[in-house]
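Just below is one structure, and these are the notes that go with it.
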Ligand code: 3AM
């Protein structure tokens with residue numbers, strides 16, 4: 001049995017609903033349900049039970065103190081036909097990057113193969129299909145400088161993700177408190 005796994009930070013309850021008010025009706029843009037909002041730290045992919053066990057053990061050893069992250073601004077990845085609309089978390093926050101490094105090490109030491117592309121931390125708000133950047137421009141302009149919240153990051157989470165026709169369904173597999 002394989003699970004499709006990734007490690008992320010769950011947005012606190014209070015912050016999840018901040019984005020609802022932004023929600024413009026743009027054809028082809030699907031907003032994520034508030035309970036699914038997260039910041040991906042490490043995408044791992046399909047993992048068998050044995051490697052998952054090792055991964056759980058390694059993640060439990062990660063020691064990083066809780067820290068604050070500003071949630072600021074919005075943007076879109078994907079050139080003139082963006083695929084992802086996101087909220088930002090400030091630039092180069094050292095604690096976030098330290099946590100990312102520890103998580104990547106935990107994944108690698110479990111004999112797994114995380115996505116090693118450069119880390120561009122973001123909170124995916126919506127996924128777009130066939131939407132031009134021009135159509136997103138008013139939204140991006142209105143909120144690009146917004147200061148949404150100050151997020152106290154107190155844990156990270158191992159999720160499994162199941163792909164369905166309606167989008168991905170995430171399940172919390174392990175929640176590890178920062179200390
Ligand atoms: O946090 P976001 O939404 O940007 O895009 C997927 C999502 O990122 C990403 O992992 C997160 C949880 O599903 N993802 C999915 N497949 C991926 C892959 N093959 C991937 N990231 C890298 N490589």
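The values are calculated or read from the model by the stated rules, or taken from the named source; none is laboratory data. Only a predicted model underlies this, so the values are computations on that prediction, with no experimental measurement involved. We place every Cβ from the backbone using ideal geometry, glycine too, and count neighbours over all the protein chains shown.
I need the helices (runs of 4 or more DSSP H) fully contained in region 12-117, keeping only those with at least 2 residues that are at pLDDT 95 or above and over 21 Å from residue 170 (Cβ atoms).
Hits in region 12-117: 49-60, 94-109.
Mind checking which pairs have a first residue in region 35-56 that is in contact (Cβ under 8 Å) with a residue 24 or more places away in the chain and closer than 30 Å to residue 13 by Cβ and a second that is assigned to a helix (DSSP H, G or I) and more than 9 Å from the ligand (Cβ to nearest atom), Cβ under 6 Å, 6 or more apart or different chains?
Cβ pairs passing all conditions: 37/16; 41/100; 41/103; 42/103; 42/104; 42/107; 44/107.
Would you check which residues across region 100-120 are closer than 17 Å to residue 159 by Cα and within 12 Å of the ligand (Cβ to nearest atom) and list them?
113, 114, 115
Among residues belonging to region 39-62 that are surrounded by 21 or more Cβ atoms within 10 Å (Cβ to Cβ) and within 12 Å of the ligand (Cβ to nearest atom), point out the one that is farthest from residue 179 (Cα to Cα).
Filtering region 39-62 for residues that are surrounded by 21 or more Cβ atoms within 10 Å (Cβ to Cβ) and within 12 Å of the ligand (Cβ to nearest atom), the one farthest from residue 179 (Cα to Cα) comes out as 44.
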